[in-house]
1. Just how large is the dipole of the chain about the Cα centre, in debye to the nearest 20, putting +1 at every Lys and Arg Cβ and -1 at every Asp and Glu Cβ?
2. Name the residues whose placed amide hydrogens come within less than 5 Å of the amide hydrogen of Leu165, ignoring near sequence neighbours (fewer than 5 apart) on the same chain.
3. Once both axes come from the Cα atoms, what is the angle between helix 125-136 and the longest principal axis of the chain, in degrees from 0 to 90, rounded to 10?
4. If I take every Cα pair under 8 Å that is 6 or more residues apart in segment 4-272, average their sequence separation and divide by the length, what percent do I get for the relative contact order?
5. Highest GNM mean-square fluctuation, the chain, Cα pairs closer than 10 Å: which of Ala277, Ala86, Ala203?
6. Can you return the lysines within cross-link range of Lys14? Criterion is Cα-Cα under 30 Å, with same-chain partners fewer than 8 residues away left out.
7. Just tell me which aspartates and glutamates come within less than 20 Å, Cα to Cα, of Lys399; anything on the same chain fewer than 8 places away is out.
8. Of all DSSP beta bridges located in the chain, what percent are antiparallel, nearest 5?
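Computed from the coordinates by the stated procedures, all read-outs in this text should not be read as laboratory data. Remember, predicted model here, so these are calculated numbers, not experimental data. A quick note on method: Cβ atoms are made from the backbone with ideal geometry, for glycine too, and the neighbour counts reach across all protein chains shown.
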Amino acid sequence: MPYTLIEGGVCAPKGFQAGAVHCGIRKNREKKDLALIVSSTPCTAAAVYTQNKVKGAPILVTKEHLANGTARAILCNSGNANTCNADGEFIAHAMCESAANALHISEEDIIIASTGVIGQPLPLDPITDAMPALTASLSADGSESAAEAIMTTDTRLKQVAVKFLLDGKECIIGGISKGSGMIHPNMATMLCFITSDAAISAAMIQKACKEVADETFNMISVDGDTSTNDMLSVMANGQAGNLLIESETADYYKFVGALMTVCRQLAKEMAADGEGATKLLECSVTGAPSKETAKKVAKSVICSSLFKAAMFGADANWGRVLCAIGYTDAEFEIGRVGVSFSSKSGEIQVCENGAGIPFSEELAKKILSESEIHIEICMGQGGGAATAWGCDLTYDYVKINGDYRT
């Protein structure tokens, strides 16, 4: 395997530190709510953002700052989205200025992000007052603290890192993410911060960022809601010493493969940690007329509330899969489609040539009672393939979101 999983998250690459504190945005003093990730040297940087027409102020400021393709740090708070606020951009700029002064870098070199409740003013004083403690918390072991600080309704930390070789030099990509609710394929549906010590140009890192987002974070769904604040950002400081990647060379595709490995793992962890979820659902489509059709079909199934509810009940109601395939906005022959369910308890085919076939309900129940379920759809009409991830729909999803603000 060319990519080896390692520990360390965003601090695994050379030259990166991270830290976090509780500054007071969240009421729970045991929960860190302000995170910082810093490179010791300038980075090429890129990001992709939510397609929601309502965008948080931090996204608007980050777009300004990344116009030159460079950055040095990421600052993120949880507990308040800083969205739909009259002074939102002022607050975001002021947060960057405070961090820049503490770090002795330019404000324009800071990526800023916020996550939490929409439409509530974000107080500035707790953040600026906490900046000395936040910068003092920076360490080469700080990835876990930063990952905790960006969580909202997440139930577990999400971080991963891989090492790989570029022209004989060991390079590392590490990442942390948050995402549990308001997750739907339409970049982006979460916050994800990626660091790397590889040398890659701003143009190539932007291209890689978009390519990988389309195959990972844009292929997950928890509840069909696309949030207002979310982004995937990538910073690379070049400290690994590889030859600068400036075009679509073999090394570029190695970098993309490593980034894909990191982001796919984080995407799956977010889907598995969907609000109230008990099961990770992975839908793989093969034999589609095109890759785009395969992606649409996989997303359609993963997004179906009826199908997600059936998976919660371990009910092999394959008709809901066919229904979701059938309303996909694409051209194909439904009469050639087959469907199977599998998990660590086995595999069972439930549909062939668009129609049901006899199967053991008892075995199907056993297969669908596991915590990770695979839905295999073979369309038998081309070479297109894609995979999407989601989770079951449970009673707890409604409980969590019924009083999220209060």
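1. My answer is approximately 220 debye.
2. Cys171
3. Helix 125-136 sits at roughly 90 degrees to that axis.
4. Relative contact order of segment 4-272: 26 percent.
5. Ala86
6. Those lysines meeting the cut-off are Lys31, Lys32, Lys63, Lys158, Lys163, Lys169, Lys178, Lys207, Lys210, Lys254, Lys268.
7. Cross-link targets: Asp154, Asp223, Asp225, Asp273, Glu275.
8. Details: 57 of 81 bridges.
If we restrict to bridges inside the chain, about 70 percent are antiparallel.
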